[in-house]
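See structure below.
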Amino acid sequence: MAGADPVPAPPYAEGTGLPWDLPVSDAVATIAAARARCGDTFAVHSGADRYLFTFSPAGVESFYALPEESASKGVADYLMLRRKLPDDIFAGRRTLPSTLFRRDDVAGYLANLDRALDQTDLESAGTVDVFDLMRQLGHRMGLASWAGPGCCDGADFERLVRAFDTLDGADAFVHPDRMAEVAATDKRAERAALDEVADIVAAAVRRFDAGDTDNQALFGRIVDAWSTEQQDDRLRGIALDVALIHVASMSNLAAALGWALVDLLEHPAELARIRGGGAGVADFAQRCALESTRLAQRSIMTRAVLSPVRLDTGEVTYQVPPGWTIATLLPLLNTSAAPGLERWDPDRWNRHRLIEQHTLASPMLVTAFGHGRHSCPAQPFSLSAITAATTALLRDYQMTPRWTSHPQPVPAQIGGVARARGPCLVDYVSA
Ligand code: HEM
């Protein structure tokens, strides 16, 4: 809730609301229309919330430079996710998702991804939804990596998948229009799902205590962090650390895996290059993954103002008071900040950088994994995982898409990597 307004007063996008508060047919198109009317920097009043959106080159650079102490990404994420997730999951966490990506950890996750690829539900021939397949892979790899012994197969795996699909924090931005319903039920389903996760992880802790510790490096760290607590608090604390980590991993990775496969299936020459293998193919596959992620970005990037901050947008410098949220929206920049960006072209990347940065008014106008201090700590891991999964699936199966035009995102979505609006079926046969 905001009291004062920014100084000077920014243009106000009258009648514009965000999908948590107002029915909108397309969340991204709504902000695009406000920008067309008001210019690159404007205010939106949505329910009790006050947003200052910026899209100018200087404004976006100032956005990424905002200090966490006075314009917080952590608080903004919390305010978004608490629409869906029970409060318990945030309180007192000891192992945070940002600490998961040490070099040794990543090697372990990639080994678990290999095992998950061996365990997919794919037969020698059949039909599968690309995004369902990738979500299953993400669950199996993630739960093997951090949920404790016995959590990545059999009945416990199936129960965890059902619970996490109910708990999924990404619903807060993928289906913002459903959050009023979640509030009206006092998050009953989500709280029950969290209790279910806690039960299953508690059983994994007991197995770990009894000596089942092989390949459990990260889980061991989570367990250690709770070693001084008495048993009930210890079991609950470990389980909620695991739950928050897994929920964080579900936000973007499975969806990005899906778009990488969709785009390759739509580009036969690049697909053939990847299937052919050979020198440089892993590097090429990473560029394909980065390009698909850029195009599929639907992220709203937000910073919650905690104490007054200055936002220099080029023409005007605003003093923004506490209570406001400063925001930008990647899909309005990623595909239009320079001519040609609407096309899928993996060769526009050299490692993690755009080759033709000089055609942009600022290099910060385009991104897949963010810029500056909050950029994604999981980028190298995610790109390696997407590369490994797409390469293995395309090598082992001949896949024929059933869609006839490029799949469309969920229209109300305003955050994260796009989810597909409808089924994306492929017919496959073992190669
Ligand atoms: C393809 C997959 C992914 C994409 C496209 C992606 C994208 C992003 C982006 C754009 C940001 C910056 C947000 C901002 O500045 O407001 C970010 C930050 C972050 N991501 Fe990812 N992400 C991916 C996978 C993951 C995974 C698997 C995890 C692990 C659980 C993860 C954990 C984080 C964390 C903890 C931050 C916050 C870093 C900070 O505030 O310092 N991400 N991600």
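Rule-based calculations on the coordinates, nothing more; no lab input. These figures come from a predicted structure and were not determined experimentally. Cβ sites come from the backbone with ideal geometry, for glycine too, and all protein chains shown count toward neighbours.
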| remark: Computed ³J(HN,Hα) along the range 17-22: with the Karplus parameters 6.51/-1.76/1.60, θ = phi - 60°, integer Hz and x for glycine or proline, the list is x, 9, x, 6, 10, 9
| task | Kindly identify the range 48-194 as rounded, prolate or oblate by the Cα gyration tensor criterion: order the square roots of the eigenvalues as a ≥ b ≥ c, call it rounded if a/c is under 1.5, otherwise compare a/b with b/c, prolate if a/b is larger, else oblate. | result | prolate
| field | 5 angstrom amide H check on G415, placed H, neighbours 5+ away | value | I300
| task | Read phi for every residue in the range 143-159 and hand back ³J(HN,Hα) as whole Hz from Karplus 6.51 cos²θ - 1.76 cosθ + 1.60, θ = phi - 60°, with x for Gly and Pro. | result | 5, 5, 7, 9, 9, x, x, x, 8, 10, 7, x, 5, 5, 4, 4, 5
| Global geometry of the range 119-225, whether rounded, prolate or oblate, following the gyration tensor of its Cα atoms and the 1.5 cut on a/c | oblate
| note | Of the residues F55, I200, T317, the Cα lying farthest along the dipole of the chain towards its positive end, which is defined by charges on the beta carbon of Lys, Arg, Asp and Glu, belongs to T317
| So how far apart, in nm, are the two label points at D199 and L360 if each is 7 Å from Cα heading toward Cβ? | 4.8 nm
| said: Full-extension gain between L425 and D114, please, as 0.36 nm times their residue separation minus the C-alpha to C-alpha distance. | reply: 109.7 nm
| field | Length released on extending from D153 to L96, taking residue separation times 0.36 nm less the Cα-Cα span | value | 18.1 nm
| task | Only Cα pairs under 8 Å and at least 6 apart count here; give the relative contact order of the range 85-148 as a rounded whole percent. | result | 40 percent
| query | For the range 73-216, what relative contact order do you get, as a whole percent, if you take Cα pairs closer than 8 Å and at least 6 residues apart? | reply | 35 percent
| Please state the relative contact order of the chain as a whole percent: Cα pairs under 8 Å, 6+ residues apart? | 27 percent
| Which value in deg cm²/dmol, rounded to the nearest 500, describes the helix-derived mean residue ellipticity at 222 nm for the chain, given -39,500 (n - 2.57) per DSSP H run of n ≥ 4 and division by the residue count? | -14500 deg cm²/dmol
| said: Cβ neighbours within 10 Å, averaged per peptide: list 356-362, 386-392 in order, most packed at the top. | reply: 386-392, 356-362
| Cα-based shape type of the chain, given that a ≥ b ≥ c are square roots of the gyration tensor eigenvalues and the cut on a/c is 1.5 | oblate
| message | Charges at C-beta only: +1 for Lys and Arg, -1 for Asp and Glu. How large is the resulting dipole of the range 256-407 about its Cα centre, in Debye rounded to 20? | response | 300 debye
| message | For W324, what residues show an amide H to amide H distance below 5 Å, using hydrogens built from the backbone and excluding near sequence neighbours? | response | V305
| query | Dipole size in debye (nearest 20) for the chain around its Cα centre, Lys and Arg Cβ +1, Asp and Glu Cβ -1? | reply | 660 debye
| Which one of L295, I326, G276 has its Cα pushed farthest toward the positive end of the charge dipole of the range 263-331, where Lys and Arg give +1 and Asp and Glu give -1 at the Cβ? | I326
| query | Once phi is turned into θ = phi - 60°, what whole-Hz ³J(HN,Hα) does the Karplus curve with 6.51, -1.76 and 1.60 give for every residue of the range 52-62, x standing for Gly and Pro? | reply | 10, 8, 9, 10, 6, x, 5, x, 5, 4, 5
| Nonlocal amide H pairs with A170, under 5 Å, H built at 1.01 Å | none
| How many nm is it between the label spots at D283 and R402, if each spot is 7 Å from the Cα in line with the beta carbon? | 4.0 nm
